[in-house]
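The values are calculated or read from the model by the stated rules, or taken from the named source; none is laboratory data. Everything quoted here is computed from the prediction, not taken from an experiment. Counting neighbours? That spans all protein chains shown, and the Cβs are built from the backbone with ideal geometry, glycine included. Heads up: the accessible areas ignore ligands, DNA and RNA and are worked out on the full protein's heavy atoms, side chains in. Shrake-Rupley method; radii C 1.70, N 1.55, O 1.52, S 1.80 Å.
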Amino acid sequence: MTETEIGRARRRKEDARLITGRTQWTDNIQVPGLLHVAYLRSPLAHARITRVDVSAARSRPGVVAAFSGQDFAAEQGSLPCAWPVSDDVVIPDHPPMAVDTVRYAGEAVACVIATDRYKAADALDAIEIDYDPLPAVTDMPSALADGSPLVHEAGNKAFTWTFAQGDIEAAFRDAPVVVERTYVQQRLIPTAMEPRAVVAQTDGDSFTLHTSTQIPHVLRVMLAATTGVPEHKLRVIAPDVGGGFGSKLQVTAEEVLGLLIARRLGRPVKWTESRSEGNQTVHHGRDQIQRIALAASAEGVLRGVKVDLLADMGAYLMLVTPGVPLLGAFMYTGIYKMDAYDFACTGVFTTKMPTDAYRGAGRPEATYAIERAMDELAKEIGVDPLEIRRRNWIRHEEFPYATAAGLTYDSGNYEAATERAMALFGYDKLRAEQADRRDRNDPVQLGIGVSTYTEMCGLAPSRVLGSLRYGAGGWEHATVRMLPTGKVEVVTGTSPHGQGHETAWSQIVADALGVPFEDVGVLHGDTASAPRGMDTYGSRSLVVGGIAVLQACERVKEKARTVAAHLLECAPDDLEFTDGAFKVRGTGAAKTIQEVALAVFAAHDLPEGFEPQLDAGSTFDPESFSFPHGTHLCAVEVDTETGMTTIRSYVAVDDVGNVVNPMIVEGQVHGGIAQGIAQALFEEAVYDADGNLLTGTMADYLVPSAADLPTFVTDRTVTPATSNPLGVKGVGEAGTIASTPAVVNAVVDALRPYGVRDVPMPCSPERVWRAIQGGVA
Amino acid sequence: MPRITVTVDGTKYEEEVEPRLLLVHFLRDRLGRTGTPVGCDTTNCGACTVLLDGLSVKSCSVLAVQADGGDVVTVQGLADGGELHPMQRAFHEEHALQCGYCTPGMIIASIDLVNGNPDPTETEIREGLEGNLCRCTGYCNIVRAVRRGAELMRAEP
Ligand code: FES
Ligand code: FES
């Protein structure tokens, strides 16, 4: 048997075009007669629109048309929310272009369509618009207070959602130790490097939409429902997409309006956002206030966890806005055992950009709260943060384990990952150095941060999604076709935007069908060539979509086996399949799968009733989530005189089960860690009290550069998932989920001698310095 | 309208341009050289980096008229008759890209860095690429790729 493809660090097939500039970004698309759209956006967070006059813009040079919200009012519908989480959820009407009221700064209020992008932007000046300002409300406690300005008539409460298991009152009654903390998850801007872009075309009957999206399939369904363009007349294409991180898991105003404008003008139109436009109007992430309480024994053994969450929805509920905190609800128990768990969440409207999925979506928030609180418990009990975790974590022999949050973790080995991480990190030595620096009153203090995380990903079992009232399923589809020349074409419903599916799926197919890696091609991201799919988010592509690819291969192989048996004049059971060939056991007779493919194409001599094609499809609906886990350790140096934090070392040992391509996995972990560190130390979307976004450009919203980050030390332990035949777990979000608490725990750990027990994120020098001055936060 | 003459990836173009036209839009919209993308509007991201007369510039902060008489090399002009530039190879080998949106600018900026400093340390690379943002990779593999690219560039001048 030759070396398996699965497990090899194959260099990526995708790279050839990406490193030579032959990539197909949406903004690259040129078609004859292409027009450019520019949107006028509200400068106010909350206002009534009293008058819009676009007529002067229409007479500007190069301008073909100009429209206000009123012009679309009859046909634009409402942007969809696919996750009505509760009975009491309020889903306000969300017109793609505001008609009479704006509710966040940046909402589109009018547009110009011109012959080039400069002319379109120029003519925005000529639009006359009057507003009657209304009061803004930008923070959740104010929004819930009596007498708050109302974002929507129905009130500022979007929904309430609760979960309870076990007797939480008993857990807290007479508990020897109770730790209660409040943490703020600041608002973040996802900042995929490719700004969004949309090209809409029509031949008068059918429509083609190119868009920088993670979800061409979901989008097609949603756009058909929103715009009335029949689904079969709408083709959605996600060409090369420059990152998403959840921000392109959306049905956007500009996608709907692009279709409507193309329909109205009968001409192709393009819109490409500027980064400043995107900072205002790509959905934001996080923005929650978490109250968490732990009840524990005198030895620090957990009895129960209680969580009360406020989640800022922004001004509207977009595609999965209210579902994001629910994805966190099941993770506040982390890797720990306890008798009872209680969770309550209130979704709150404010006059800000809506929030929605951002890398990890709910799970980073939950992991942050529990991992921060466990450190506080360790401090309370007077033991090392790793010791408190050992006293509480699920031991490897206890899997599968049903958690207090109602999930069943299939597998894991927290001990092994922690042991490996400690060794790579030099844990004991760093603790000794820390003690020494504390003794010496060194102005530069050392902090050590621990994060032993798990998460639920591989979204998702359709039945579970249904029970949570999500509007769709969580399956994934793949079709595998043997071509006459023996090459293989894979059609996947996943929609990559940097993850390397062409490479990884080729590895899976190469092993399953015994064909060369090079002989596999992968089609994706176009509803015409890949009509069925649920797309890419929630670390689902491999654990759901990859399994569909594997199962489709198995079906192709079984079909081929029938033909091979016929050609070799034996029973199918007499054949063994190795190295891409069906061999008659005990004889030298064999047919390669390529020979079978050619024979099927020719169809001269096939078994009775065999249809001459060697294709198979598979739609995989997972039984369960996947639960990657790991131990991340971070050492920071904090200059107590300036408040400056520098990461000295960062070790991540993740367990994502079996891996298909370790190079890609490592890359995902690196990028994830960087994004989590960005939340811990650098990034925050800031609105002023009037609802103006103060971090509207890349100059104000600080995405870290290479100079801001260290080299990460990464390793893996391997505890295969038992919930899928490859034994794989998702990896796309793990790094982000793990790293934020590791870094903040380190910062706080450095400052313990100063009485500091919290530093709000991002832990900027100013905030660290203030925490030192103020002692207990 | 001013008339400019610019060489881009070895081809000479003579075009009339509005004085305000950005070099990056000239490349993308006028010449169809779409290998160089745009990532921001405040000169922060570096996605648009090209070589102008041998030095890296952010083509979103250069007017097309300023490139008059100049020689522009974009990521599309690096491969020599199908043979990838060593830095392109290094980015591929070290998995220094995921979505690839930052990659054209990152590769050009790295070449410029190595032209000025043939054997940069990790710190020099991190600081030298401060003006180029990547949201996907966490930079570890980019640093590795630049070291390897530098090595290859030294070996095959
Ligand atoms: S496009 Fe961001 S620096 Fe030029
Ligand atoms: S590879 Fe995606 S931004 Fe760098």
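Considering region B:33-66 alone, what residues qualify as being within 14 Å of ligand 2 (Cβ to nearest atom) and among the hydrophobic types (A, V, I, L, M, F, W, C)?
Within region B:33-66, B:VAL38, B:CYS40, B:CYS45, B:ALA47, B:CYS48 qualify.
Only one of A:ALA560, A:ALA552 is out of contact with any Ser or Thr (no Cβ under 9 Å at 6 or more places or on another chain), outside the structural domain of A:ILE237 (by TED's automatic domain parsing) and assigned to a helix (DSSP H, G or I); which? It would help to see each step written out before you state the result.
Details: A:ALA552 fails: out of contact with any Ser or Thr (no Cβ under 9 Å at 6 or more places or on another chain).
Result: A:ALA560 is the single residue among A:ALA560, A:ALA552 that is out of contact with any Ser or Thr (no Cβ under 9 Å at 6 or more places or on another chain), outside the structural domain of A:ILE237 (by TED's automatic domain parsing) and assigned to a helix (DSSP H, G or I).
Tally time: how many residues in region A:357-396 are in a helix (DSSP H, G or I), of a type in the set (Val, Ile, Thr) and open to solvent by 20 Å² or more (accessible area, probe 1.4 Å)? Write out each step before concluding.
First, the residues of region A:357-396 that are in a helix (DSSP H, G or I): A:363-381, A:385-392, A:396.
Now restrict to residues that are of a type in the set (Val, Ile, Thr): A:367, A:370, A:381, A:388.
Imposing the further condition that a residue be open to solvent by 20 Å² or more (accessible area, probe 1.4 Å) reduces the set to A:381.
Of the residues in that region, 1 qualify.
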Taking region B:100-123 as the search range and keeping residues that are at the interface with chain A (Cβ under 10 Å from one of its Cβ atoms) and surrounded by fewer than 24 Cβ atoms within 10 Å (Cβ to Cβ), which one is farthest from ligand 2 (Cβ to nearest atom)? B:THR123
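Within region B:74-86, which residues are touching a residue at least 40 places away in the same chain (Cβ under 8 Å), at the interface with chain A (Cβ under 9 Å from one of its Cβ atoms) and not small (Gly, Ala, Ser)?
Start the filter on region B:74-86 by keeping residues that are touching a residue at least 40 places away in the same chain (Cβ under 8 Å), which leaves B:74-77, B:86.
Applying the additional criterion that residues be at the interface with chain A (Cβ under 9 Å from one of its Cβ atoms) yields B:74-77.
Result: B:THR74, B:VAL75, B:GLN76.
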If you take the residues in region A:13-53 that are surrounded by fewer than 23 Cβ atoms within 10 Å (Cβ to Cβ), within 26 Å of the chain's Cα centre (by Cα) and part of a loop (DSSP other than H, G, I, E, B), which one is farthest from the other protein chains (Cβ to nearest Cβ)? A:LYS13
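Collect the residues in region B:8-32 that are part of a loop (DSSP other than H, G, I, E, B) and under 19 Å from A:ARG22 (Cβ atoms), keeping them in residue-number order.
Quick first cut of region B:8-32, residues part of a loop (DSSP other than H, G, I, E, B) only: B:9-10, B:17-21, B:31-32.
If the condition is that a residue be part of a loop (DSSP other than H, G, I, E, B) and under 19 Å from A:ARG22 (Cβ atoms), then B:ASP9, B:GLY10, B:LEU31, B:GLY32 are the ones that fit.
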Determine, yes or no, whether B:GLU93 is open to solvent by 40 Å² or more (accessible area, probe 1.4 Å) and within 11 Å of another protein chain (Cβ to nearest Cβ). yes
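Whether any residue in region A:56-64 is open to solvent by 10 Å² or more (accessible area, probe 1.4 Å), among the basic types (Lys, Arg), within 14 Å of chain B (Cβ to nearest Cβ) and assigned to a loop (DSSP other than H, G, I, E, B) is what I want to check.
Within region A:56-64, the subset open to solvent by 10 Å² or more (accessible area, probe 1.4 Å) is A:56, A:58-64.
Then drop every residue that is not among the basic types (Lys, Arg), which leaves A:58, A:60.
Adding the requirement that they be within 14 Å of chain B (Cβ to nearest Cβ) leaves none.
Within region A:56-64, none of the residues are open to solvent by 10 Å² or more (accessible area, probe 1.4 Å), among the basic types (Lys, Arg), within 14 Å of chain B (Cβ to nearest Cβ) and assigned to a loop (DSSP other than H, G, I, E, B).
Only one residue in A:ASP428, A:ASP442, A:ASP436 is over 33 Å from the mean Cα position of the chain (by Cα) and assigned to a loop (DSSP other than H, G, I, E, B). Which one? Full working, then the answer.
Details: A:ASP428 fails: assigned to a loop (DSSP other than H, G, I, E, B); A:ASP436 fails: assigned to a loop (DSSP other than H, G, I, E, B).
Of A:ASP428, A:ASP442, A:ASP436, the one residue that is over 33 Å from the mean Cα position of the chain (by Cα) and assigned to a loop (DSSP other than H, G, I, E, B) is A:ASP442.
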Let me spell it out: the conditions are (1) more than 16 Å from ligand 2 (Cβ to nearest atom); (2) buried (at least 21 other Cβ atoms within 10 Å of the Cβ); (3) free of Cβ contacts under 8 Å to residues at least 40 places away in the same chain; (4) of a type in the set (A, V, I, L, M, F, W, C), and B:LEU23 meets all of them except one. Which number is the exception? (3)
Where in region A:138-214 are the strands (runs of 3 or more DSSP E), entirely inside, with at least 2 residues that are open to solvent by 50 Å² or more (accessible area, probe 1.4 Å) and at negative phi? A:157-165, A:177-188
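Does A:ALA432 qualify as being buried (at least 24 other Cβ atoms within 10 Å of the Cβ) and outside the structural domain of A:VAL85 (by TED's automatic domain parsing)?
no
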As an exercise: evaluate A:PRO725 against (1) open to solvent by 50 Å² or more (accessible area, probe 1.4 Å); (2) under 30 Å from A:PRO400 (Cβ atoms); (3) within 12 Å of chain B (Cβ to nearest Cβ) and give the number of the one condition it does not meet. (3)
When you go through (1) under 30 Å from A:LEU234 (Cβ atoms); (2) outside any helix (DSSP H, G or I) one by one for A:ILE547, which number turns out not to apply? (2)
